[in-house]
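The values are calculated or read from the model by the stated rules, or taken from the named source; none is laboratory data. Nothing here was measured: the structure is a model prediction, and the numbers come from that model. With ideal geometry, Cβ positions are generated from the backbone for all residues, glycine too; neighbour counts draw on all protein chains shown. Side chains included, ligands, DNA and RNA excluded: accessible areas come from the protein's heavy atoms. Shrake-Rupley method; radii C 1.70, N 1.55, O 1.52, S 1.80 Å.
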Amino acid sequence: MLQVFNSILTYAGLGQNGETVQRAEDEHITLIQSIMDRCMRKESLLNELYLQLIKQTTDHPDPNSRVNLRHWALLSLACSVILPPQKVVRKYLLGHLKRCASDFITEEGKYARFAEKCFFKTQGTRRRQWPPSREEIICTINRRPIYARFHFMDGQYHSVEFHPSSTSREVMEIVKKKIGLQENALGYAIYEVLGASERSLLPDEKVADVMSKWEKYRTAAAQAVQQNQSSNLPPACRRQHHLFLFKKHLFCDQYMNLDDPVEKELLYHQVLHGLRTERFPITEMEAIMLTALQGQLELGDSSDIVQDYRPIAAHCLPPRFVPNIPRDSVAMHHQSLRGTTPAEAKKSFLNLIQSWPLHKATIFDVMQSFTSNWPRMLWLAVDQKGLHLLEHRSRNTLCTYDYQSILSFSPNMNLSDDHYRLG
């Protein structure tokens, strides 16, 4: 804690003997992360950190001084990340904040009111696992909410502001409101995505904590690249970027409302993604019809000149279908849609998808080893009714089990993320 206290003084701009020391902003952020990381590991250190910060922010002779406001900024940040575990320290902290918040003249009072607000938002929430990220520190010490981009299946994104203690559930409600999705819309989730891997955040998981984890990953990856370069080793694989993705998580009948135009649009683009990534079995005729409907959506009524439909097909079909899509057949179906509005074309598109009973299922590539009568590669479809094994990229269902008939299950940890083994 003596080392932590020296770090606090350094962040405030004071040297060992009280002299003023100028530091670069990057060094300040590293200092803050070091303080928080060290104290979050041990409860006794966390309690002591708060007592030190309360001491440093009590009865300062110049409340508006840069040194005092730096101490207040650090106290506000701590309150937004993790509270002292001891009740007596927590009660003492709250009393200190309320006393200083009654000052409506100085900047100290503004920081005290902000820290008190952070205190109540953090209280009762899930414990943070990681020290705050650079973005979170910069925003919080300037008394601003943090923000992040949330992407959608159509390639668009929205920047959303939220509190550092906001959970995935709370941020999801903010996103729903921003895009105009009905408040009672259910079954959605926020995913963290890295390359082809994705994971849905738990409802009580803090979004800011996930951002901190990403920063740790980027830092470790950058250090690995530097080590490889210094050792003349071949470069590591291409760096991938994390992002937040908002999409439908549960395809249950009671969670779907196609009368809501916003939800209908979200589901349409999620279906398109499933088609492009081979998670929906289609025949050549269905590929022609889907391309024609997509052409009506993007191009409107067909013209006398036969279009090259391959760019359109690339938006709604797996890559293996696109080069050989029969242009004349698509053009004939496109002509039959003359006068169809975009809304009607989109409805027909979704109706065609819904003709498959398992259209709401999530599909996984799996390998089976329990019988030679089935192919080794299969599809595992998971929906609201149960589990279904299908031939790979086919609608031919080999067997179905409802959830009541499943006694137990266990994961196989020795396989890659994109394949699962059934034994």
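Some notes on this structure:
- Index of the failed condition, Ala115 passing every other in (1) in contact with a helix residue (DSSP H, G or I) (Cβ under 6 Å, 6 or more places away or on another chain); (2) surrounded by 17 or more Cβ atoms within 10 Å (Cβ to Cβ); (3) within 24 Å of Gln270 (Cβ to Cβ): (3)
- Verdict on Gly187 being surrounded by 14 or more Cβ atoms within 10 Å (Cβ to Cβ) and at positive phi: yes
- Residue match in segment 277-290 (condition: touching a Pro at 6+ places or on another chain (Cβ under 6 Å), closer than 24 Å to Leu390 by Cα and surrounded by fewer than 19 Cβ atoms within 10 Å (Cβ to Cβ)): yes
- Residues that are more than 22 Å from Asp383 (Cβ to Cβ) and surrounded by 15 or more Cβ atoms within 10 Å (Cβ to Cβ) within segment 254-276 comprise just one, Glu265.
- Set Ala220, Ala185: member being out of contact with any His (no Cβ under 8 Å at 6 or more places or on another chain) and either among the hydroxyl-bearing types (Ser, Thr, Tyr) or within 30 Å of Leu75 (Cβ to Cβ) (or both): Ala220
- Taking the listed residues Leu258, Leu233, Leu290, Leu299, the one that is modelled with pLDDT under 90 and more than 26 Å from Leu181 (Cα to Cα) is Leu233, with no other qualifying.
- On the stretch given as segment 149-178, residues that are open to solvent by less than 10 Å² (accessible area, probe 1.4 Å), in contact with a strand residue (DSSP E or B) (Cβ under 6 Å, 6 or more places away or on another chain) and in a strand (DSSP E or B) total 2.
- Wholly enclosed strands (runs of 3 or more DSSP E) of segment 322-423 bearing at least 1 residues modelled with pLDDT of 90 or more and acidic (Asp, Glu): 362-368, 386-391, 397-402
- Positions within segment 337-386 being closer than 19 Å to Arg279 by Cα and of a type in the set (S, T, N, Q), in sequence order: Asn351, Gln354, Ser355, Thr362, Gln368, Gln384
- Qualifying helices (runs of 4 or more DSSP H) (wholly inside segment 60-140; at least 3 residues being of a type in the set (S, T, N, Q), closer than 19 Å to Glu170 by Cβ and touching a Pro at 6+ places or on another chain (Cβ under 6 Å)): none
- Within segment 17-38, residues that are at pLDDT 90 or above reach partners that are assigned to a loop (DSSP other than H, G, I, E, B) with beta carbons closer than 6 Å, at six or more positions or on different chains, in the pairs Gln33/Pro131; Met36/Pro131; Asp37/Pro131.
- Some residue of segment 317-327 being of a type outside the set (Phe, Trp, Tyr), farther than 20 Å from Trp356 by Cα, loosely packed, with under 13 Cβ neighbours inside 10 Å and in the same structural domain as Asp154 (by the TED database): no
Per-residue answers, yes or no, for (1) touching a strand residue (DSSP E or B) at 6+ places or on another chain (Cβ under 8 Å); (2) at pLDDT 95 or above; (3) under 26 Å from Phe162 (Cβ atoms); (4) not hydrophobic (A, V, I, L, M, F, W, C):
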| position | (1), (2), (3), (4) |
| --- | --- |
| Tyr50 | no, yes, yes, yes |
| Ala73 | no, yes, yes, no |
| Leu83 | no, yes, yes, no |
| Gly95 | no, yes, no, yes |
| Cys118 | no, yes, yes, no |
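- Only one entry of Asp308, Asp365 meets the criterion of being surrounded by fewer than 19 Cβ atoms within 10 Å (Cβ to Cβ) and within 29 Å of the chain's Cα centre (by Cα), and that entry is Asp365.
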